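The structure under discussion appears below in the form of structure tokens.
What follows is calculated from the coordinates using simple rules that are stated; it is not laboratory data. None of the values given here were measured: they were computed from a predicted structure. Reconstructed Cβ throughout: ideal geometry from the backbone, glycine too, with neighbour counts over all protein chains shown.
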Amino acid sequence: MKAHNTVKLTILDRDYNVACPPESEAELKAAALQLHQKMTEIKGSGKVFGVERVAVMAALNLIHELRQKQVANQASNESIARLIGKIDAVLDDTDPV
């Protein structure tokens, strides 16, 4: 069993203690900072009230951004696969020297 560290995170002026493996601590802190920033942005807009609603809106926004990046990444992967196919076809058509 891997050892876990307890990491203190502050999100929207609230402290949370979260257990995570030592090798994941930096990424967890970066994720918490991103969440804090998104929640602060939403709260600052003055359109959403209540921490729970702010959290839900932040989660929806972050997941939407993630899904957009996944779609773009998939399109890039498909484009790269097509280019590799073209390169392979050209290489197959050339005579060995």
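Would you mind finding the one in Val71, Val56, Val7 that is at negative phi, without any contact (Cβ under 8 Å) to a residue 60 or more places away in the chain and outside any helix (DSSP H, G or I)? Of Val71, Val56, Val7, the one residue that is at negative phi, without any contact (Cβ under 8 Å) to a residue 60 or more places away in the chain and outside any helix (DSSP H, G or I) is Val7. Within the stretch 35-53, the set of residues being assigned to a helix (DSSP H, G or I) and aliphatic (A, V, I, L, M) comprises Leu35, Met39, Ile42, Val51. Across the stretch 35-56, the number of residues qualifying as of a type outside the set (Val, Ile, Thr) and surrounded by 14 or more Cβ atoms within 10 Å (Cβ to Cβ) comes to 6. Only one entry of Ala32, Ala26 meets the criterion of being of a type outside the set (D, E, K, R), part of a helix (DSSP H, G or I), surrounded by 14 or more Cβ atoms within 10 Å (Cβ to Cβ) and out of contact with any Pro (no Cβ under 6 Å at 6 or more places or on another chain), and that entry is Ala32.
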